[in-house]
1. Ile6: net charge of surrounding residues, Cβ under 9 Å, Lys/Arg +1, Asp/Glu -1, itself excluded?
2. Given H placed on each backbone N at 1.01 Å, which residues far from Leu81 in sequence or on other chains put an amide H within less than 5 Å of it?
3. What ³J(HN,Hα) values, in whole Hz, does the Karplus curve 6.51 cos²θ - 1.76 cosθ + 1.60 give for the stretch 37-49 when θ = phi - 60°, with x put for Gly and Pro?
4. Once phi is turned into ³J(HN,Hα) by the Karplus curve 6.51 cos²θ - 1.76 cosθ + 1.60 with θ = phi - 60°, what whole-Hz value does each residue of the stretch 13-22 show in order, with x for glycine and proline?
5. From the cross-link list Lys40/Lys110; Lys3/Lys40; Lys45/Lys116; Lys35/Lys110, which pairs have alpha carbons spaced over 21 Å apart?
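Any read-out appearing in this document is the output of simple, stated calculations on the displayed coordinates, not a laboratory observation. Because the structure is a prediction, the values reported are computed rather than measured. A quick note on method: Cβ atoms are made from the backbone with ideal geometry, for glycine too, and the neighbour counts reach across all protein chains shown.
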Amino acid sequence: MYKILIADDEEDFLKAISIRLKSAGYQDILVRDGKELIDKVTEEKPDLIILDIMMPNMDGFEATKVLKSNPETKDIPIIFLTAGAFDFTEAIDDLASGQDFLLKTVDSDKIIDRIKMFLKD
């Protein structure tokens, strides 16, 4: 069973995506900020990360830089998922450090489709 780590500070979103991932046969690991993500990723060794960009303590871009600089975590696929409350043009280089980017308004089936694309179910 693939492990998906989801980092998001919105509790309702975490609950909803957790239900959807479990129904699709994935194990979920939920964290609420970038610092918690960094701690959990080495402990849990997820197969893929769904990462909100705007979070407290350490945002998704900062967390991605830490993950990509570590040989043990640099190859974990990252899907950025956000409400889009930032300037995309200024963030284009940071967005390129992930493998995909989706808005939170996307249908949960599309999120599962993207996960399957990266994990080759």
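1. -3
2. Leu51, Asp52, Ile53, Leu102
3. 3J(HN,Hα) across the stretch 37-49, in whole Hz: 4, 4, 5, 6, 5, 6, 6, 8, 6, x, 7, 7, 10.
4. 5, 4, 4, 5, 5, 4, 4, 5, 5, 4
5. Table pairs above 21 Å Cα-Cα are Lys40/Lys110; Lys35/Lys110.
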